[in-house]
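The values are calculated or read from the model by the stated rules, or taken from the named source; none is laboratory data. Not measured: the values here are computed from a predicted model. So basically every Cβ, Gly included, is an ideal-geometry build from the backbone, and we count neighbours across all protein chains shown. Each accessible area value is taken on the protein alone, full model and side chains, heavy atoms only, with ligands, DNA and RNA left out. Shrake-Rupley method; radii C 1.70, N 1.55, O 1.52, S 1.80 Å.
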Amino acid sequence: MSRQKSMQPKAKEKPLIKQGIRKSAGWKPYLVFVIFTFVLYSNTLNHFFVFDDGMVIAENKFTQQGVKGIPDILKYDTFVGHLMHIHNETDADHMQEQMKFLAGGRYRPLSVVTFALEVEFFGKSYTYPDTNYVFKGNAFVSHLVNILLYVFTICLLFLILHRLFPPEKDKKWYLSFPFIVTLLFLVHPIHTEVVANIKGRDEMMMLLGSLAALWFTIKYFDTHKIHNLLWSGLCLFLGLLSKENAITFLAVIPITIYYFVDRNIGKIVKSMLPLIVASTLFLFIRGAIIGFMNASEIYPDLLNDPFLNATKGETLATIFYTLLIYVKLLFFPHPLTYDYYPYHIEIVNWSNPVAIFSLMFYLGITLYAIYGLIKKRDIISYSIWFYLLPLSVVSNLFFPIGAFMGERFVFISSIGFSIFIGWLICNYLPKLTKNTKSATYLTVCFMVIILCLFAVKTISRNQAWKDSFTLYKTDIKTSKNSVKGNYLHGYDLLKKATYPSNEKQRNELCEEAAKHLKRAVKLYPGHADAIEKLGNLYFDCYKDVAKALHYYTMALKLNTENIAVLNSIKIILDQTDNLLAENRITSTLDDLIQSYDELLSIKPDLGEVYYVKGLIYGKYLNNNKLALDCFEKALVADFLKTAKFYEDAGTIYALSGNYEKALHYLLKAIELGSDDYITYINVGVIYQQLGNSKNAHLYMQKGNEIKETKKIAITKL
């Protein structure tokens, strides 16, 4: 019997299988898996919440409520709680409506429920670095749970492989095919994103539920007990509640049974019924909650649709280009990055030889997998199925997923890769020598080399996931042309510049932030958030109001009702006069006027802009005519006209000799609560000019009283 055939057990071999498990496996493999997992990932236990962890834990209104938030977690799209946080929104239904415009749709409540439980029972207060935002959580517990879930997943995978491929008689357990495959899967560095990123728990819980469904289906064929089918349906349902990718096991499970357990189609169909019911129920719930995706409704944004400006041919070529990158990373996992957004991967067309080769490669392995299913049922074709089926739903071939690719997307598929490599190691390495002892040494040495290389890469890669700043700083070196990477790193640097240890560090952080934010805008001129942050940067770091307003205007060109930008503009306008008086604005007056004109060309109804523009003409450029023209335009605009507005307008009218209007505006300022003694004195002076001595004396006296009162108050202080 060939070695390959010995790895394909028949159902009648069950007594031999049980004996093999007792003699060849025992507890030793599981102990090795536990030790390896903690050696590889224990350095994540002191890590903070990072990257997407904010969306499901730190910045998620539902999760932060602990147990009380669980009903809403189950009721809405997974990211609704996060959107409510960033928009300071209380209407969850409104946020739910907005989610339909994002590619993919996400109903993955189960992992988020576990985060809410951790907040409830283990939560302690954290402050986000470089912000004043306080939230509840427990990073140590969350990372520990991730490690334990990874251990459970690994052990279950080994249990299944050991049942499907029982070790050969008299063969060492650590040289067995199931052990080698499981160990290869365990140490692969491409899994660092799933384990080291707390949010990656959805991937692990999804795979754990899916493998459990496979295990109970196998148990049904071994025992013929119906309750195993009920358990299989429940496990798949829980896997689907963790992440939708579990749906691919509707194909993986029957193919596995057909290859290695039982070829009776009728029995296989019967075993699938609970799985189909569970999947149908999940899809019904998901559809009722978040609706069904319509590609035409997806918001046209590069970060939501990486193929936004690509032709159909370019889209397909780029998809196959990225699919080959997956293969490359499985064989050679370097460099790794969280960021495969545009344009870390560039749009390519069919003139690119990599895209053509990838198409031929995937067509070839797909045809071989089909041939293997029909004719051979060999391990190679099975490994291809285990690779292709989970990959299909995240490939962008059938529906958009909002990104080119991601390392977490091949978490399941890497099992197929590990089976393939394990088969090569077990089937071909021993054939390089006729000596049994030498073959053993050769296999052990090869495995040690692979495991050491993968382990070193995994442990070192984990360090990048220490916190968001470390991750962004590390991966921008790899993803230099990523719009998202440059934006996130630039924004993080800007936040750090708010709390610098010294002025030199502040300037360095501001310069570095500007570099990355400008890079993001250059790569994608439609990136409204990056443009807005550049406006914030030039005001916060340099008090360059003209440049800040220039970038805000750019953002408004993309969306004239951008609330965040409009609020930032109002803050700047409110502070401009004081900053000019204190000589703190670095922009020239001409540049300021030009920036106001640019802004008004986009939003001509901004009364505040006319008002501040009038102040500059009147107080700083001594051009009362243009100042009054601006004030007149401000008067008819819809904005909150404060006492200060009427004080300034009245002063300019008085300087221009229009005492009637000056008096009207200054009295309006007093009516609105002005307590500036100069306003009262100016009213008195105007009354005197108009020949009303009585009112002149009254207001001048009141002004002097206010002045003396303030002097006394200042003296007491």
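With the condition being open to solvent by less than 10 Å² (accessible area, probe 1.4 Å) and over 25 Å from R286 (Cβ atoms), I'd like the helices (runs of 4 or more DSSP H) fully within the stretch 79-168 carrying at least 2 qualifying residues.
Passing ranges, in order: 139-164.
A quick yes/no check of all residues on (1) of a type in the set (S, T, Y); (2) in a helix (DSSP H, G or I); (3) at negative phi:
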residue	(1), (2), (3)
L566	no, yes, yes
I571	no, yes, yes
Q575	no, yes, yes
N578	no, yes, yes
S587	yes, no, yes
S595	yes, yes, yes
L599	no, yes, yes
N622	no, no, no
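Need a quick list: helices (runs of 4 or more DSSP H) entirely within the stretch 197-297 having at least 3 residues that are modelled with pLDDT under 95.
In the stretch 197-297, 265-290 are the helices (runs of 4 or more DSSP H) which contain 3 or more residues that are modelled with pLDDT under 95.
Please give the helices (runs of 4 or more DSSP H) falling wholly within the stretch 467-557 in which 1 or more residues are over 30 Å from D305 (Cβ atoms).
Filter on the stretch 467-557 gives 483-497, 503-523, 528-542.
Scanning for something modelled with pLDDT of 95 or more and touching a strand residue (DSSP E or B) at 6+ places or on another chain (Cβ under 9 Å), does the stretch 139-157 turn up at least one residue?
yes
Looking only at the stretch 662-683, decide whether some residue is under 22 Å from G607 (Cβ atoms), of a type in the set (K, R) and either under 54 Å from the mean Cα position of the chain (by Cα) or assigned to a helix (DSSP H, G or I) (or both).
Yes: one or more hits.
Counting only residues that are in contact with a helix residue (DSSP H, G or I) (Cβ under 6 Å, 6 or more places away or on another chain), of a type in the set (S, T, N, Q) and over 18 Å from L640 (Cβ atoms), how many does the stretch 565-611 have?
Of the residues in the stretch 565-611, 3 are in contact with a helix residue (DSSP H, G or I) (Cβ under 6 Å, 6 or more places away or on another chain), of a type in the set (S, T, N, Q) and over 18 Å from L640 (Cβ atoms).
Do the conditions hold for P300, that is, is it over 30 Å from K375 (Cα atoms), at pLDDT below 95 and surrounded by fewer than 16 Cβ atoms within 10 Å (Cβ to Cβ)?
yes
Of everything in the stretch 575-596, what is farther than 12 Å from Y620 by Cβ, among the acidic types (D, E) and touching a residue at least 12 places away in the same chain (Cβ under 8 Å)? Give them in sequence order.
Hit for the stretch 575-596 is D591, nothing else.
Output the number of residues of the stretch 670-710 satisfying the condition of being β-branched (V, I, T) and over 22 Å from T642 (Cα atoms).
2
Matching residues to (1) crowded, with 21+ Cβ neighbours inside 10 Å; (2) not charged (D, E, K, R):
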{"position": "I616", "(1), (2)": "yes, yes"}
{"position": "L621", "(1), (2)": "no, yes"}
{"position": "F639", "(1), (2)": "no, yes"}
{"position": "A643", "(1), (2)": "no, yes"}
{"position": "Y646", "(1), (2)": "yes, yes"}
{"position": "L698", "(1), (2)": "no, yes"}
{"position": "Q701", "(1), (2)": "no, yes"}
{"position": "K707", "(1), (2)": "no, no"}
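May I ask you to verify whether V252 is among the β-branched types (V, I, T) and either open to solvent by 20 Å² or more (accessible area, probe 1.4 Å) or without any contact (Cβ under 8 Å) to a residue 12 or more places away in the chain (or both)?
No: the conditions fail for V252.
Conditions (1) in contact with a His (Cβ under 8 Å, 6 or more places away or on another chain); (2) of a type in the set (A, V, I, L, M, F, W, C); (3) within 18 Å of F469 (Cβ to Cβ); (4) surrounded by 22 or more Cβ atoms within 10 Å (Cβ to Cβ), marked per residue:
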site: L493; (1), (2), (3), (4): yes, yes, yes, yes
site: P500; (1), (2), (3), (4): no, no, yes, no
site: A520; (1), (2), (3), (4): yes, yes, yes, yes
site: H527; (1), (2), (3), (4): no, no, no, yes
site: I531; (1), (2), (3), (4): no, yes, no, yes
site: Y552; (1), (2), (3), (4): no, no, no, yes
site: K557; (1), (2), (3), (4): no, no, no, no
site: N562; (1), (2), (3), (4): no, no, no, no
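Looking at the stretch 415-431, can you tell me whether even one residue there is at pLDDT 95 or above, under 30 Å from K515 (Cβ atoms) and among the polar types (S, T, N, Q)?
no
Does K136 satisfy the condition of being of a type in the set (K, R), without any contact (Cβ under 8 Å) to a residue 24 or more places away in the chain and either farther than 30 Å from I419 by Cβ or touching a helix residue (DSSP H, G or I) at 6+ places or on another chain (Cβ under 6 Å) (or both)?
It is false that K136 is of a type in the set (K, R), without any contact (Cβ under 8 Å) to a residue 24 or more places away in the chain and either farther than 30 Å from I419 by Cβ or touching a helix residue (DSSP H, G or I) at 6+ places or on another chain (Cβ under 6 Å) (or both).
Which ones in the stretch 144-175 are closer than 15 Å to G200 by Cβ and out of contact with any helix residue (DSSP H, G or I) (no Cβ under 8 Å at 6 or more places or on another chain)?
Listed by number, the residues that qualify are L144, L148.
Which residue out of L303, L308, L330, L241 is under 29 Å from D378 (Cβ atoms) and among the aliphatic types (A, V, I, L, M)?
Sole residue among the options that is under 29 Å from D378 (Cβ atoms) and among the aliphatic types (A, V, I, L, M): L330.
Name the one entry in L359, L323 that is in contact (Cβ under 8 Å) with a residue 12 or more places away in the chain, open to solvent by less than 30 Å² (accessible area, probe 1.4 Å) and not small (G, A, S).
Of L359, L323, the one residue that is in contact (Cβ under 8 Å) with a residue 12 or more places away in the chain, open to solvent by less than 30 Å² (accessible area, probe 1.4 Å) and not small (G, A, S) is L323.
Which residues, taken from the stretch 28-47, are surrounded by 20 or more Cβ atoms within 10 Å (Cβ to Cβ) and part of a loop (DSSP other than H, G, I, E, B)?
Within the stretch 28-47, H47 is the sole residue that qualifies.
Among the residues of the stretch 52-63, is there at least one that is crowded, with 22+ Cβ neighbours inside 10 Å, in a helix (DSSP H, G or I) and free of Cβ contacts under 8 Å to residues at least 60 places away in the same chain?
Checking the stretch 52-63: at least one residue is crowded, with 22+ Cβ neighbours inside 10 Å, in a helix (DSSP H, G or I) and free of Cβ contacts under 8 Å to residues at least 60 places away in the same chain.
Suppose the filter is without any contact (Cβ under 8 Å) to a residue 24 or more places away in the chain, touching a Ser or Thr at 6+ places or on another chain (Cβ under 8 Å), open to solvent by less than 30 Å² (accessible area, probe 1.4 Å) and closer than 23 Å to L573 by Cα; does L666 pass it?
yes
Looking at this structure, is F177 closer than 30 Å to N427 by Cβ and buried (at least 24 other Cβ atoms within 10 Å of the Cβ)?
yes
Among the residues of the stretch 431-445, write down those that are surrounded by 13 or more Cβ atoms within 10 Å (Cβ to Cβ), part of a helix (DSSP H, G or I) and free of Cβ contacts under 8 Å to residues at least 24 places away in the same chain.
Scanning the stretch 431-445 gives A439, L442.
Is there a residue being out of contact with any Leu (no Cβ under 8 Å at 6 or more places or on another chain) and among the charged types (D, E, K, R) anywhere in the stretch 340-351?
yes
If the requirement is being of a type outside the set (K, R), more than 19 Å from V195 (Cβ to Cβ), at pLDDT 95 or above and out of contact with any Phe, Trp or Tyr (no Cβ under 8 Å at 6 or more places or on another chain), which of these qualifies: P71, P15?
Being of a type outside the set (K, R), more than 19 Å from V195 (Cβ to Cβ), at pLDDT 95 or above and out of contact with any Phe, Trp or Tyr (no Cβ under 8 Å at 6 or more places or on another chain) holds for just one of P71, P15, which is P71.
Sort through G200, G209, G233 and tell me the only one that's open to solvent by less than 30 Å² (accessible area, probe 1.4 Å) and closer than 16 Å to R106 by Cβ.
G200
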